[in-house]
Each structure stands twice: as structure tokens, then as C-alpha cells.
Amino acid sequence: MNDPLKQLSEDTPRQRFVLAETGFNEVPKKYRKFYRRWQGSGDTLALNEVLCPVCRVVIRSSREIRPGDRVYCMPCMSRLVVIRSATGHLEARVAY
Ligand SMILES: [Zn+2]
């Protein structure tokens, strides 16, 4: 239980994030701030980010992301659901 996120109850208000332009240009301009490119093994995900397992683009939210959340990856049109992996990290899985 050393992951601070794991200790948050569902009642804890979600942290909010201000999204800035990331240079991601594969979606219409108004949606660009919600995506960024994954930089590889040296990259880390913020509390408001989750990696799309299909196209490896990082999906960003203006709120903290938690297990059970549904997110949409516009670049590859995948509907995803966020789960907590065995290693304690947040992961997105394709939702059918
Ligand atoms: Zn994707």
C-alpha cells in the first residue's frame, strides 16, 4: 500500500489539472490537449493520464483518472476502461 493513489477512497475529491497544448496533431485542434505522444520507457504518466494499449498514445483528462473510468481514445477510436494492474499502476483496457 505505498501507492498514494490506492489509499484514496472514492469520496476523496479528484485532483484537477489544467491541460496545455502538447503538439499532438492527429486529432482536431480542440481535442489536441487531451492527447500526447508516449515518450517510451523514460516517460511517466501523471495522475490524469493513461496510456492507450492500442495505439500507445497518452490520453489526458482534466481530472485525476481512477479505476473504473471509461475513456475514449480518439486517435484510434478505442473505447477503454481503466483498471488497476497487478503492479499497482493504472492501465487502460479495451472495453467491448
Ligand atoms: Zn488509442
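The values are calculated or read from the model by the stated rules, or taken from the named source; none is laboratory data. These figures come from a predicted structure and were not determined experimentally. Methodologically, a virtual Cβ is constructed for each residue, glycine included, from the backbone with ideal geometry; neighbour enumeration extends over all protein chains shown. The protein model used for the area step is the full one, side chains on, heavy atoms only, and it has no ligands, DNA or RNA in it. Shrake-Rupley method; radii C 1.70, N 1.55, O 1.52, S 1.80 Å.
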Legend entry - Residues located in the stretch 32-67, provided they are closer than 19 Å to Val82 by Cβ, open to solvent by 40 Å² or more (accessible area, probe 1.4 Å) and out of contact with any Asp or Glu (no Cβ under 8 Å at 6 or more places or on another chain): Phe34, Trp38, Thr44, Leu45, Ala46, Val54, Cys55, Arg56, Ser62, Arg63, Pro67
Legend entry - Subset of the stretch 74-96 (residues that are closer than 23 Å to Asn25 by Cα, part of a strand (DSSP E or B) and without any contact (Cβ under 8 Å) to a residue 24 or more places away in the chain): Arg79
Legend entry - The one condition in (1) touching a helix residue (DSSP H, G or I) at 6+ places or on another chain (Cβ under 8 Å); (2) surrounded by 13 or more Cβ atoms within 10 Å (Cβ to Cβ) that Pro75 fails to fulfil: (1)
Inset, instruction - Give me a count of the residues in the stretch 55-73 that are of a type outside the set (S, T, N, Q) and more than 10 Å from the ligand (Cβ to nearest atom). - result: 9
Legend entry - Residues within the stretch 84-96 that are within 18 Å of Thr12 (Cα to Cα) and open to solvent by 40 Å² or more (accessible area, probe 1.4 Å), tallied: 1
Inset, instruction - May I ask you to say which residue of Arg36, Arg70, Arg60, Arg93 is in contact with a Gly (Cβ under 8 Å, 6 or more places away or on another chain) and charged (D, E, K, R)? - result: Arg36
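For (1) modelled with pLDDT of 95 or more; (2) touching a Cys at 6+ places or on another chain (Cβ under 7 Å); (3) more than 16 Å from the ligand (Cβ to nearest atom), each residue gets a yes or a no:
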residue: Asp11; (1), (2), (3): no, no, yes
residue: Ala20; (1), (2), (3): no, no, yes
residue: Pro53; (1), (2), (3): yes, no, no
residue: Pro75; (1), (2), (3): yes, yes, no
residue: Val82; (1), (2), (3): yes, no, no
residue: Gly88; (1), (2), (3): no, no, yes
residue: Ala95; (1), (2), (3): no, no, no
